[in-house]
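**Student:** Can you keep this structure in mind? I'll have questions shortly.
What follows draws every value from the coordinates through simple rules; no lab data is involved. Not measured: the values here are computed from a predicted model. Neighbour counts are summed over all protein chains in view; Cβ atoms, including those assigned to glycine, are modelled from backbone coordinates with ideal geometry.
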Amino acid sequence: MSDDSLGFEPIDDELRRRLGAAGPQSGDPDAVLGALRPRYHRARRRHQMVVIGGSVLAIVAIVGVGTAALTAGGSGARNVRIPAANSSVPNRETTTTAPPSPAPTTPPQPSGDTGAAGGGTGGATAGSGAATAPTAAPAVPVTRTYQSNGGSVTVKLDNGALSIASTNVASGYTEERHDTGPDRVEVRFKSDKTEWRIRVDLVNGEMVEETTQH
Amino acid sequence: MQPDDPGATDSADFDETFRESYWPMVRSLAVACGDREVAEDAVQDAFERAFVRWRRIARYDDPAGWIRHVALNRIRDQFRRDTRKHKAVARLAAETETTVQPPELPEDVTALLAQLPPQQRIAAALFYVEGLSVREVATSMKLSEGAVKYHLHAARAALAQLVGTP
């Protein structure tokens with residue numbers, strides 16, 4: 001069982017025997033898995049809901065930006081890819097896809113999606129660009145503070161990695177840091193009678209928090 | 001579940017990995033950190049994270065190695081907490097002018113293991129208790145094989161003084 005490249009010595013067998021005997025007795029893994037399965041399925045459902053929710057939020061954001069641009073256009077043109085001559089509202093999507101002509105060149109689109117993104121190739125580009133935007137890590141660090149009765153945790157998301165910026169422990173509680181990143185941070189606040197856990201996961205570039213009492 | 005349900009296949013693979021790896025991981029990490037409850041907590045949480053991402057993790061060369069690495073991160077957090085606790089106790093002892101006796105050699109091999117640096121404890125536990133190869137230990141600890149051999153040699157030398165005594 002020992003790796004030959006380590007250089008086997010007779011003491012290895014004795015260490016294997018003694019340290020092996022020091023470990024806990026093995027049990028029935030199926031029984032353990034059966035008890036854990038509901039918790040694992042709940043975690044998976046939460047993860048899936050967050051992913052779906054993130055996609056919905058992204059679509060809402062696209063529609064919102066497009067609607068705001070349409071409203072600020074003023075000329076009645078529905079093509080937000082082409083800035084109106086009198087519009088002072090910047091359209092970030094046009095930084096990469098704006099056509100050279102200031103006049104609308106495509107007919108208004110009845111679909112809400114293209115209405116938000118504009119017509120022609122600019123709309124398609126904006127749509128694809130916007131669809132990928134939520135999955136990119138934010139360019140600047142983001143910090144959020146999460147509260148519980150046992151204390152609070154300020155979590156920082158920087159360059160795609162989570163970390164604990166600071167904590168604040170409530171009176172009567174002690175703090176334990178169970179995970180410090182990069183894709184999860186978890187802090188537990190314990191008192192004599194109860195425990196509060198604040199867990200933040202990095203899902204699809206977003207911080208997803210779960211606070212539970214044990 | 002239907003046989004052609006991809007979720008069923010995912011679950012079968014996951015279940016098999018759990019059956020093969022759960023108790024060996026718990027045993028080795030319990031020896032490494034000296035606390036069965038902490039080890040079980042760490043391994044169960046690591047399997048939970050793998051379950052949520054199983055479609056991706058299952059494609060890795062060594063899914064169990066990924067799970068073990070996540071569990072080890074938890075164990076290292078425990079080591080840091082223990083170190084802070086021991087330092088606090090030592091400061092308190094110094095403040096109360098307690099006479100410190102020179103440490104005696106522990107009679108128990110696990111107690112001696114607990115005195116080793118964390119990397120040596122983890123490497124020794126994975127190698128001797130879980131029976132991993134040097135390469136598998138290196139994958140789980142995210143170290144080079146040379147670094148793992150260094151830690152194993154150092155741990156063996158430290159433990160030999162106890163094992164070698166009559």
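**Student:** Can you list the HN-Hα couplings for segment B:20-34, worked out from phi with the Karplus curve (6.51, -1.76, 1.60; θ = phi - 60°), rounded to whole Hz and with x for Gly and Pro?
**Tutor:** For segment B:20-34, the Karplus-derived couplings read 6, 10, 4, 5, x, 5, 4, 5, 5, 6, 5, 5, 5, 9, x Hz, x marking Gly and Pro.
**Student:** If we count other beta carbons within 10 Å of each Cβ, what is the order of B:Val148, A:Val60, fewest first?
**Tutor:** Ranked by crowding around the Cβ, least crowded first: A:Val60, B:Val148.
**Student:** Still on this structure, I have one more. Provide B:Phe79, B:Phe127, B:Phe18 in ascending order of the number of other Cβ atoms located within 10 Å of each residue's Cβ, fewest first.
**Tutor:** B:Phe79, B:Phe18, B:Phe127
**Student:** Relative to the compact globular guide of 2.2 N^0.38 Å, what is the alpha carbon radius of gyration of segment A:1-68, as a ratio?
**Tutor:** Taking N as the residue count of segment A:1-68, the ratio is 2.35.
**Student:** Using a basic spin-label model with each label point 7 Å from the Cα along Cα→Cβ, how many nm lie between A:Arg42 and A:Gln25?
**Tutor:** So the two model labels end up 3.0 nm from each other.
**Student:** If you take the alpha carbon radius of gyration of segment A:138-206 and divide it by 2.2 N^0.38 Å, what ratio comes out, to two decimals?
**Tutor:** 1.11
**Student:** On full extension of the chain, what length is gained from A:Thr71 through A:Val51, given 0.36 nm per residue of separation minus the C-alpha to C-alpha distance?
**Tutor:** Contour length minus Cα-Cα distance gives 4.2 nm.
**Student:** If you don't mind, another one. Only counting other Cβ atoms within 10 Å, I'd like B:Arg68, B:Arg76, A:Arg45, B:Arg59 sorted with the fewest neighbours first.
**Tutor:** Ascending Cβ contact count within 10 Å gives the list B:Arg59, A:Arg45, B:Arg76, B:Arg68.
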